[in-house]
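Engineer: The following block contains the structure, expressed as structure tokens.
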Amino acid sequence: MSAVVADQHSAQRLVRELPASDAVWCSGLRKRYGRQVAVADVSLTVARGEVLGLLGPNGAGKTSVIKMLLGLVRPDAGEAILLGRPARDPRSRANVGYLPELFRYQHWLTATEVLALHVRLAGADVPAAEQRECLAAVGLARRAGDRVGGFSKGMQQRLGLAVALVARPQLVILDEPTSALDPVGRADIRSLLLSLKNSGVAVLLNSHLIGEVERVCDRVVILDRGCVASSGTLQELLGQRELKLELGGVTGAASERLATAGRLSRTGNTYTVALPADQDATTVPNLVADLVRFGVHVHAVETTRISLEDRLLDILRSGSER
Amino acid sequence: MSARIPLTVAAMTLREAVRRRVVWAVTAMTVVLLSLSAWGFQRIGAELDTLTSGEARLVASQVLNVVLFGLSLIAALGTTFLAGPSLAGEIESGMALALLARPLRRSDVLLGKWLGLAAFGTTFVTVAGLSQLLIVRITTGYWPPSPMTGLALLATQTTVLLTLALLLATAVSPMASGIVAVGLFGATWIAGVVGGVGESLGNQGVARVGTVSRMLLPTDGLWRGAMQAFQDRGALTQMGAEFDGFPFLSEAPLTLAYLTWVLTWTCVVAAITTMSFARRDL
């Protein structure tokens, strides 16, 4: 008997010592609505404490992916795991907060009552004072006792954020969290996201606001036409620099030399070279020296960092050309 | 299975009924109906002195059935038009997204909605029905033979209709679900009247219309059982063969087999609703 108990204890210790699973893991998610393929093949992960940005044009399948993760839409194929449990198990959502793109709450309830309802549905034990703090964190402290029916769109979105955060989630999924907010509200949400990040809460953020994603996300997944077009850390995606050169008298040999430096494009006399992330400090001076040796007239040289917006557009354009 | 989610959702549904003023609208309609019936029964009471005691009971019980039909219609309208927005409306508006992303089963949410609506319908039927019975007792002295059975059958009728309304709400828009449910309720009652006429004429084909409709949607069958419980025991013999097929006269109490069918029907429709809601993409 004691041997069995000892075995159980050692098994429990082994399980405890296992590394924590990802906050989100999904593989091969697929969804079709009638003839329309919304999600063709999406696999992604969000590590614990990581902020992942989901980017892509309208209709790329971002919201459908989020809804499949949350069990709101049934995937045609693929698997998903939230916080170590299969997404089809409702218990997987016990520590998940969600702000939907279409945020509507019971307009016959007060803001306080909406939060209390969600705390009860989540099965969490959150004292009333903490719920009030949550409303205060999104700027709704003074409207706590008002019916939601009288709230503006922006206030409803703030309430939605409080609903997502009230049950002490380990994973927060935000679908366009600032779509109805003014610039001050957007700044507030950014601060809130950064504080979530600092407290180790994983965040999956779907936003059209690239600047917002760039400021708070550790990693980005870009979706296009239901597939992952690109993914990586901001360092990987934005590490590239662009070299713009105003040149005259470019010979065939000079063109070949330019192409060896990186992907080359040309508009008139302006040559643009996308420099690889691993380029060293001598790449640009060496290229310019070689061009001069080939007899090319170098009028201007400018290196710029590729913005996430440029990178996103580049990925989406190259995808549509395929 | 934890009762936390169904009870939370049931409480939310009842609060919705109160806050969205469905309760007040239904109460206002009921007060108007009860006031009119109190005035009418008082006038009838004055006339009853000229009738024999049997005739007086007959008149009171028949008018009572007519008024209670009005009350059952209010209960049907109230619950179905609450069931539609409560489920289909939440899906359509996006309100269901945040709610169903919580760690809960959709079947528990559905059970909670059903419990809340059933509590609303049952409370209404009991309070309004008992008030009506007391009005009749005070004004005419008539007290039905089985009032509790009658009220229980009226409450079951409301529950059956709201079960259908919830099924429709998982598939169509809030307004469509309410209109279709109330339309089917009315159509079944009319089919029951047609069936009664068929029976009185000895036309089995027409009579079958009522039988089939009572099987497809048991609201009319339950209504007839409730009428039987409220009407005077001697009504059938007193009214005679010329009143066969009269829509506010019930010829026989409900059988155990029919009540079993009502239970089976409700369970089957509830199961289909659960499956339909569980498979629905939001």
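All of the numbers you see were taken from the coordinates with simple rules; none came from a lab. Since the model is a prediction, treat every value here as computed from it, not as a measurement. Methodologically, a virtual Cβ is constructed for each residue, glycine included, from the backbone with ideal geometry; neighbour enumeration extends over all protein chains shown.
Engineer: Most mobile of A:Leu165, A:Leu193, A:Leu102 per a Gaussian network model of chain A (Cα springs, under 10 Å)?
Structural biologist: Of A:Leu165, A:Leu193, A:Leu102, the Gaussian network model singles out A:Leu102 as fluctuating most.
Engineer: Give me the percent of DSSP beta bridges within chain A that run antiparallel, rounded to the nearest 5.
Structural biologist: Values: 40 of 58 bridges.
Within chain A, antiparallel bridges account for around 70 percent of the total.
Engineer: Taking the Cβ of A:Pro100 as the centre, find all other residues whose Cβ is under 13 Å away and add up their charges (Lys, Arg: +1; Asp, Glu: -1).
Structural biologist: Numbers: positive: A:Lys62, A:Lys67, A:Arg104, B:Arg102; negative: A:Glu101, A:Asp175, A:Glu176, B:Glu90.
The answer is 0.
Engineer: Let me ask something else about it. Return A:His208, A:His9 ranked ascending by Cβ neighbour count within 10 Å, so the fewest neighbours appear first. Numbers along the way, then the final one.
Structural biologist: Numbers: A:His208 14, A:His9 10.
Ranking A:His208, A:His9 by Cβ neighbours within 10 Å, fewest first, gives A:His9, A:His208.
Engineer: With a 10 Å cut-off between alpha carbons and a GNM built on chain B, which of B:Thr30, B:Thr123, B:Thr79 moves the most?
Structural biologist: B:Thr123
Engineer: Estimate the FRET efficiency between A:Ala129 and B:Arg279 by the formula 1/(1 + (r/R0)^6), using the beta-carbon distance for r and 30 Å for R0, to the nearest 0.05.
Structural biologist: Values: r = 41 Å, r/R0 = 1.36.
Between A:Ala129 and B:Arg279 the formula returns 0.15.
Engineer: Report the Cα centroid-to-centroid distance between the stretch B:170-224 and the stretch B:55-110 in angstrom, as an integer.
Structural biologist: 18 Å
Engineer: Could you compute how fast the stretch A:24-236 diffuses translationally, taking Rh as the Kirkwood radius over C-alpha pairs and applying Stokes-Einstein at 25 °C with viscosity 0.890 mPa s? Give it in µm² per second.
Structural biologist: 141 µm²/s
Engineer: Let me ask something additional. Averaged over B:88-101, how many beta carbons belonging to a partner chain fall within 10 Å of each residue's beta carbon? Don't skip to the answer; put the middle values down first.
Structural biologist: On the way: counts 0, 1, 2, 0, 1, 4, 6, 7, 4, 12, 19, 6, 7, 19.
Mean shielding by partner chains, rounded to a whole number: 6.
Engineer: I'd like to verify something in chain B: which complete DSSP H helices, judged by Cα projection on the helix axis, reach 24 Å or more and average at least -1.0 on the Kyte-Doolittle scale?
Structural biologist: On the way: long enough: B:22-47 (37 Å, 1.22); B:53-84 (46 Å, 1.32); B:106-140 (50 Å, 1.03); B:147-169 (33 Å, 1.67); B:174-201 (41 Å, 1.37); B:256-279 (35 Å, 1.29).
Length and hydropathy pass: B:22-47, B:53-84, B:106-140, B:147-169, B:174-201, B:256-279.
Engineer: While we're on this one: Taking the Cα centre of the stretch A:71-129 as origin, sum charge times position over the Cβ atoms of Lys and Arg (+1) and Asp and Glu (-1), and report the length of that vector in debye to the nearest 20. Could you put the intermediate results ahead of the total?
Structural biologist: Numbers: 7 positive and 6 negative charges, 22 e Å.
Charge dipole, the stretch A:71-129, about its Cα centre: 100 debye, nearest 20.
Engineer: For the protein assembly as shown, what is the convex hull volume of its Cα atoms per residue in Å³? Please report the intermediate quantities before stating the final value.
Structural biologist: Working: hull volume 138.0 nm³, N = 604.
Value for the protein assembly as shown: 229 Å³ per residue.
Engineer: On average, how much area does the Cα convex hull of chain B cover when viewed from any direction, in nm²? Before the final figure, lay out each step's value.
Structural biologist: Details: hull surface 61.4 nm².
Projected over every direction and averaged, the Cα hull of chain B covers 15.4 nm².
Engineer: Nothing charged except the Cβ atoms of Lys and Arg (+1) and of Asp and Glu (-1): what's the magnitude of the dipole of the protein assembly as shown about its Cα centre? Round to the nearest 20 debye.
Structural biologist: Numbers: 57 positive and 48 negative charges, 82 e Å.
The dipole of the protein assembly as shown has a size of about 400 debye.
Engineer: Mind ranking B:192-201, B:46-55 by how tightly packed they are, going by the mean number of other C-beta atoms within 10 angstrom, highest first? Mind showing how you got there, number by number?
Structural biologist: Working: B:192-201: 18.2, B:46-55: 11.7.
So the peptides B:192-201, B:46-55, ranked by packing, come out B:192-201, B:46-55.
Engineer: When DSSP assigns beta bridges and you keep just the ones with both residues in the protein assembly as shown, what percent turn out antiparallel, to the nearest 5? Mind showing how you got there, number by number?
Structural biologist: On the way: 40 of 58 bridges.
For the protein assembly as shown, the DSSP antiparallel bridge percentage is about 70.
Engineer: So what's Rg/Rh here for the stretch B:10-49, counting alpha carbon atoms and using the Kirkwood radius for Rh? Could you put the intermediate results ahead of the total?
Structural biologist: Numbers: Rg = 16.1 Å, Rh = 12.0 Å.
Result for the stretch B:10-49 is an Rg/Rh of 1.34.
Engineer: Which of rounded, prolate or oblate describes the stretch B:59-132 when judged by the alpha-carbon gyration tensor and an a/c cut-off of 1.5? Intermediate results must be reported in sequence, preceding the final value.
Structural biologist: On the way: a/c = 5.04, a/b = 2.85, b/c = 1.77.
Prolate shape, in that a/c is at least 1.5 and a/b is the bigger ratio.
Engineer: For a quick check: sort B:Trp189, B:Trp223, A:Trp25 by the number of other beta carbons within 10 angstrom, fewest at the front.
Structural biologist: Values: B:Trp189 22, B:Trp223 26, A:Trp25 19.
Placing the least packed residue first, the sequence is A:Trp25, B:Trp189, B:Trp223.
Engineer: While we're on this one: Under a cut-off of 19 Å between alpha-carbon atoms, report the aspartates and glutamates in cross-link reach of A:Lys67, not counting same-chain residues fewer than 8 places apart.
Structural biologist: A:Asp22, A:Asp41, A:Asp76, A:Glu79, A:Asp89, A:Glu101, A:Asp175, A:Glu176, A:Asp224, B:Glu90, B:Glu92, B:Asp281
Engineer: How large is the helix-only mean residue ellipticity at 222 nm for the protein assembly as shown, computed as the sum of -39500 (n - 2.57) over DSSP H runs with n ≥ 4, divided by its residue count, in deg cm²/dmol to the nearest 500? Don't jump to the answer; show the numbers that get you there.
Structural biologist: Numbers: 23 runs with 346 residues, N = 604.
The per-residue figure over the protein assembly as shown is -19000 deg cm²/dmol.
Engineer: Can you tell me what the convex hull of the Cα atoms of the stretch A:204-291 projects to on average, as an area in nm²? Display every interim value, and only then the final one.
Structural biologist: Numbers: hull surface 31.0 nm².
Spelled out: convex hull of the Cα atoms, projected over all directions, averaged, 7.8 nm².
Engineer: What shape does the stretch B:77-195 have by the C-alpha gyration tensor, where a ≥ b ≥ c are the square roots of the eigenvalues, rounded means a/c under 1.5, and otherwise prolate means a/b greater than b/c and oblate the rest?
Structural biologist: Prolate, because a/c is 1.5 or more and a/b exceeds b/c.
Engineer: Then there is this: Could you tell me the relative contact order of chain B? Use alpha-carbon pairs under 8 Å, at least six residues apart, and round to a whole percent.
Structural biologist: Working: 363 pairs, mean separation 69.8, N = 282.
Taking the mean separation of contacting Cα pairs over the length of chain B, I get 25 percent.
Engineer: Please label the shape of the stretch A:240-305 as rounded, prolate or oblate, based on the square roots a ≥ b ≥ c of the eigenvalues of the alpha-carbon gyration tensor (a/c under 1.5 means rounded; beyond that, a/b larger than b/c means prolate, else oblate). Don't skip to the answer; put the middle values down first.
Structural biologist: On the way: a/c = 1.63, a/b = 1.38, b/c = 1.18.
The shape class here is prolate.
Engineer: At a threshold of 8 angstrom on Cα-Cα distance, excluding pairs fewer than six apart, so keeping six or more, what relative contact order does the stretch A:24-236 reach in percent?
Structural biologist: Details: 432 pairs, mean separation 64.8, N = 213.
Relative CO of the stretch A:24-236 lands at 30 percent.
Engineer: What lysines sit close enough to A:Lys197 to cross-link, taking a C-alpha to C-alpha distance under 22 Å and skipping anything fewer than 8 places away on the same chain?
Structural biologist: A:Lys62
Engineer: Given charges of +1 on the Cβ of Lys and Arg and -1 on the Cβ of Asp and Glu, with all other atoms neutral, how large is the dipole of the stretch A:24-236 about its Cα centre, in debye to the nearest 20? Walk me through the intermediate numbers first.
Structural biologist: Numbers: 27 positive and 20 negative charges, 104 e Å.
Computed about the Cα centre, the dipole is about 500 debye.
Engineer: Related question: With springs only between Cα atoms under 10 Å apart, run a GNM on chain B and tell me which of B:Ser72, B:Ser250, B:Ser93 wobbles the most.
Structural biologist: Greatest mean-square fluctuation among the candidates belongs to B:Ser93.
Engineer: Can you tell me, using C-alpha contacts under 8 Å and at least 6 residues apart, the relative contact order of the stretch A:240-305 as a whole percent?
Structural biologist: Values: 108 pairs, mean separation 34.9, N = 66.
After rounding, I find 53 percent.
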